[in-house]
Amino acid sequence: MNTIDHPPHYQASLDPSSDRTFEAISVIEAWGHGESFAIGNVLKYLCRYKKKGDPLEDLKKAKFYLDWVISLRQKETTPKGAVFRKPDHPVDINGREIID
């Protein structure tokens, strides 16, 4: 079972007779609060990763939410139809290629 990315217990349904489910995270994003929610979770998981069970699991959860914020930001700043390619060189924190 994947406990990091969309675990089954996060699936909810408004109608028990329906197969249609949703996750709270999708509702939060649809209402326009995705980034704040995600940053809060990044901080939460980083602050507690050494205090319970498997520290690596909380670090992976923090990464999941940080990656989500990055993807939200890329959607905001990416021109429609732009194509991303993996850089041939390492990139800095701002995504600029580092060329030796």
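The values are calculated or read from the model by the stated rules, or taken from the named source; none is laboratory data. Fair warning: this is a prediction, and the values are worked out from it, not measured in the lab. Positions of Cβ are backbone-derived with ideal geometry, glycine not excepted, and every protein chain shown enters the neighbour counts.
Candidates in the stretch 32-77 are the residues that are at pLDDT below 85 and either within 19 Å of Q11 (Cβ to Cβ) or among the polar types (S, T, N, Q) (or both); of these, the one that is surrounded by the fewest Cβ atoms within 10 Å (Cβ to Cβ) is T77.
Checking each residue in the stretch 18-31 for being modelled with pLDDT of 80 or more and assigned to a loop (DSSP other than H, G, I, E, B) picks out only W31. Restricted to the stretch 43-73, and to residues that are farther than 15 Å from I25 by Cβ and in contact (Cβ under 8 Å) with a residue 40 or more places away in the chain, which residue is nearest to the chain's Cα centre (by Cα)? The extreme case among them is K60.
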